[in-house]
Amino acid sequence: MSDVGDAVELTLATAPGATVTARTYAPDGTVGEEFDVPEKDGEPGAYPFAFQLTQTGMWRVTFTASGTATATEHFWVYAEVPGIAPLATADQLAGVFRPLSYQEAQTVTAWLGLASELLRDRFPDLDARIARGELSPKVAAAAAIAMVLRITRNPGGLRAETVGPFRREFTAEGASAALTITQAEVDLLAPKQQRPARQYAGTIRVTPGLSPRNPLWRGRDWRW
């Protein structure tokens with residue numbers, strides 16, 4: 001993730017001696033001009049391209065190679081306005097999910113930023129409670145990660161999925177392709193006085209021989 005105004009350098013790795021061009025696609029749909037990308041001196045097969053992020057949102061850069069190699073590769077970079085950081089990072093999400101590729105990390109970062117905005121809108125005092133120590137930043141991160149994981153695990157919004165002999169069904173929340181806040185996340189981040197009372201479940205163990213013998217008990221049958 002980068003800030004608006006940052007200069008970003010992306011490098012295409014392909015065959016040495018190729019003819020490479022790059023084109024930018026801005027978040028608002030503006031298509032940039034096509035630039036020739038020379039091979040980096042001293043690094044055969046490396047073609048670096050630098051550009052400036054002038055808008056907030058997801059940028060795409062498309063490299064096209066021809067000659068000694070024929071390839072088209074896309075890179076994505078998310079740019080945001082400098083300010084309050086998201087409640088969670090792509091590294092934190094990867095820690096509870098799986099390793100992410102560079103492109104996946106960019107997409108996840110964008111989703112985490114949006115999730116953080118939704119949570120801050122739902123709880124305007126969220127950052128203040130974190131600063132006062134009333135709410136753990138890890139708990140806030142967990143809520144944002146849970147929101148994004150629902151989309152990451154089921155981007156198509158499927159209600160059920162069958163792979164070979166296995167079938168997996170998603171809950172109503174998990175089947176939504178939209179970024180949403182569930183009641184579980186609300187309960188997690190609400191001020192303590194607004195959280196629902198905890199329900200505790202107990203276990204009763206019955207030990208044979210502690211109850212008086214019932215004259216109606218015969219063998220393994222109960223008679224009433």
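Listing for the model above:
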{"quantity": "Residue among 87, 119, 93 that is in a loop (DSSP other than H, G, I, E, B) and crowded, with 17+ Cβ neighbours inside 10 Å", "calculated": "87"}
{"quantity": "Set 105, 110, 143: member being under 14 Å from the mean Cα position of the chain (by Cα) and either among the polar types (S, T, N, Q) or closer than 17 Å to residue 184 by Cα (or both)", "calculated": "143"}
{"quantity": "Residue check, residue 79 open to solvent by less than 30 Å² (accessible area, probe 1.4 Å), within 26 Å of residue 152 (Cβ to Cβ), at pLDDT below 95 and of a type in the set (A, V, I, L, M)", "calculated": "yes"}
{"quantity": "Among (1) outside any strand (DSSP E or B); (2) out of contact with any Gly (no Cβ under 9 Å at 6 or more places or on another chain); (3) open to solvent by 30 Å² or more (accessible area, probe 1.4 Å); (4) at pLDDT 95 or above - the single one residue 64 does not satisfy", "calculated": "(1)"}
{"quantity": "Residue pairs meeting the criteria (Cβ under 8 Å; at least 6 apart or on separate chains; first closer than 22 Å to residue 76 by Cβ and among the polar types (S, T, N, Q), in the range 30-58; second in a loop (DSSP other than H, G, I, E, B) and open to solvent by 80 Å² or more (accessible area, probe 1.4 Å))", "calculated": "55/28; 56/81"}
{"quantity": "Odd one out for residue 180 among (1) at pLDDT 55 or above; (2) more than 17 Å from the chain's Cα centre (by Cα); (3) of a type outside the set (A, V, I, L, M); (4) open to solvent by 40 Å² or more (accessible area, probe 1.4 Å)", "calculated": "(2)"}
{"quantity": "Selection within the range 1-26 - open to solvent by less than 70 Å² (accessible area, probe 1.4 Å), in a loop (DSSP other than H, G, I, E, B) and more than 12 Å from residue 65 (Cα to Cα)", "calculated": "4, 5, 6, 26"}
{"quantity": "Residue identified as open to solvent by less than 70 Å² (accessible area, probe 1.4 Å) and closer than 30 Å to residue 82 by Cα among 29, 45", "calculated": "29"}
{"quantity": "Hey, residue 19 β-branched (Val, Ile, Thr) and without any contact (Cβ under 8 Å) to a residue 40 or more places away in the chain or not", "calculated": "no"}
{"quantity": "The range 50-61 - residue that is outside any loop (DSSP other than H, G, I, E, B) and open to solvent by 20 Å² or more (accessible area, probe 1.4 Å) and, of those, modelled with the lowest pLDDT", "calculated": "58"}
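The values are calculated or read from the model by the stated rules, or taken from the named source; none is laboratory data. Predicted, not measured: the structure shown is a model, and the values here were computed from it. With ideal geometry, Cβ positions are generated from the backbone for all residues, glycine too; neighbour counts draw on all protein chains shown. When the accessible area is computed, the model is the full protein with side chains, heavy atoms only, and any ligands, DNA or RNA have been set aside. Shrake-Rupley method; radii C 1.70, N 1.55, O 1.52, S 1.80 Å.
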